[in-house]
Amino acid sequence: EVFRASMCESACALRSTMGTGQPIVNRSAYIVNADGARIPVSVSTALLRDAKGEVVGGVETFRDLTLVDQLRKELEGRFEAGDMISRSPSMRKIFDILPQVAASDATVVINGETGTGKELLARAIHSLSRRRDKPFIAVNCGALPDALLESELFGYKAGAFTGADRDKPGRFAAADGGTIFLDEIGDVSAALQVRLLRVLQERVYEPLGSNVPVRVDVKVIVATNKDLSALVEKGIFRQDLFYRINVVSLQLPPLRERKEDISLLAGHFIGRFNVIEDASVEGVTPEAMAVLLAHDYPGNVRELENIIQRAFVLCRSGFIDTPHLPDELTSKVPLVARGKDMSAAVKAAEARVLLDALDRNNGNRLATARELGIHKSTLFRKMHALGIDAPRKDGRSNPCKPR
């Protein structure tokens, strides 16, 4: 109730110490402060005994690791916004402008494939804005039929249709003062597009069954996995609405174009599921990571999250290995030659991943190691084990002279 720590509900450190008598030293967790921010801490516990050695209670200490966490992120080359984390340069460009985007009330459109994290980005914008203490309301426009979506967005008055026995406020009313997020805006019908245009232009709407305009103060963020400009050319999406929502446009790259984030995201999901599932998974083996890196992720970040969650069903502690991954991933690992086993196939995939990463980084081994989320010495060891020769150039602006 006081600290709202991540371990309180499922793995209370002090309860464990009182039950087992064993102290806990520097267990990582986070607490939530009065502003709703997550503060990284380390937790230590011990029994309290009197002069006779009898247990009279317990003590728990919290150490603020905010500075340590910030330094670690700098060393890892990672950055975050809300619940989104990345080390990809393409994502860095988006994160760098988020404070300015959040400070403006201009409409934002987020473009990206399914599963790239469009709602997470919208929530990050909301959390950085002056509206952070007001509601964030998300609506999936593609999940509701047109008539139901209209009443869901704008509400209705009693008697507006059969069964409407009382007034019901809509999502725009619920979001007043805050942010409304309209996902899959490209699926909205032409008739409803007209009503949305009026809300965006005049910030007023009329509930179903009413002719009295209602004024609303909201920041509007929309998202789509479709090419809206192409829909405009086909006459499916209104041009005036397109220009109205396309004030600030953010393009979320798919996971296959930022594979340097896979190891980082996998570690993030492992930390989350360890708390949710009360497990103690330490990480992913190099062989399993090679398989993860070789996958193209048509479902993007959401697909990777589901893969890690599935692995927790089979692996409760230690390291996630290839047998814990879905068959559709491991079966796609190319065999080096007929008769080779899975170990050889995994090595082939790992070699391909390393070579591709070295090529993307122009031979720079340090940059390659950072992209893959491993130490530089680990990269050298893997290159040697896989028979990969060091590139003739190391990609640095001022390479050292060869010895």
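The values are calculated or read from the model by the stated rules, or taken from the named source; none is laboratory data. This is a predicted model, so every value here is computed, not measured. Because the Cβ atoms are built from the backbone with ideal geometry, glycine has one as well, and the counts that use them run over all protein chains shown. To get the accessible areas, we keep the full protein, side chains included, count just its heavy atoms, and leave off ligands, DNA and RNA. Shrake-Rupley method; radii C 1.70, N 1.55, O 1.52, S 1.80 Å.
Structure notes:
- Farthest toward the positive end of the dipole of the chain, out of G177, S16, V139, is the Cα of S16, where the dipole comes from beta carbon charges about the Cα centre.
- Global form of the chain, assessed from the alpha-carbon gyration tensor, a/c cut-off 1.5: oblate
- Carbon and sulfur %, accessible surface of the chain computed with the full protein complex present, 1.4 Å: 51
- Remark: region 81-231 carries a charge dipole of roughly 480 debye about the Cα centre, counting +1 on each Lys and Arg Cβ and -1 on each Asp and Glu Cβ.
- Given +1 at the Cβ of Lys and Arg, -1 at the Cβ of Asp and Glu and no other charges, the dipole of the chain around its Cα centre is 1300 debye to the nearest 20.
- Per residue, the chain exposes 55 Å² of accessible surface when a 1.4 Å probe is rolled over the protein heavy atoms with every protein chain present.
- DSSP finds beta bridges in the chain, and of those with both partners inside it, around 50 percent are antiparallel.
- Theoretical FRET efficiency, 1/(1+(r/R0)^6), r = Cβ-Cβ of A51 and R130, R0 45 Å, to 0.05: 0.20
- 3J(HN,Hα) along region 95-112, derived from phi through the Karplus expression 6.51 cos²θ - 1.76 cosθ + 1.60 where θ = phi - 60°, amounts to 4, 5, 9, 4, x, 5, 5, 5, 6, 9, 8, 5, 5, 10, 10, 10, 9, x Hz, with x in place of Gly and Pro.
- Here region 81-143 is assigned +1 on the Cβ of each Lys and Arg and -1 on the Cβ of each Asp and Glu. Its dipole about the Cα centre then comes out at about 140 debye.
- Each of Q251, G283, S210 was scored by the projection of its Cα onto the charge dipole of region 206-322, and the greatest displacement toward the positive side belongs to S210; charges sit on the C-beta of Lys, Arg, Asp and Glu.
- Taking the charge dipole of the chain about its Cα centre, with +1 at Lys and Arg Cβ atoms and -1 at Asp and Glu Cβ atoms, the residue from N33, Q309, I94 reaching farthest to the positive side is I94.
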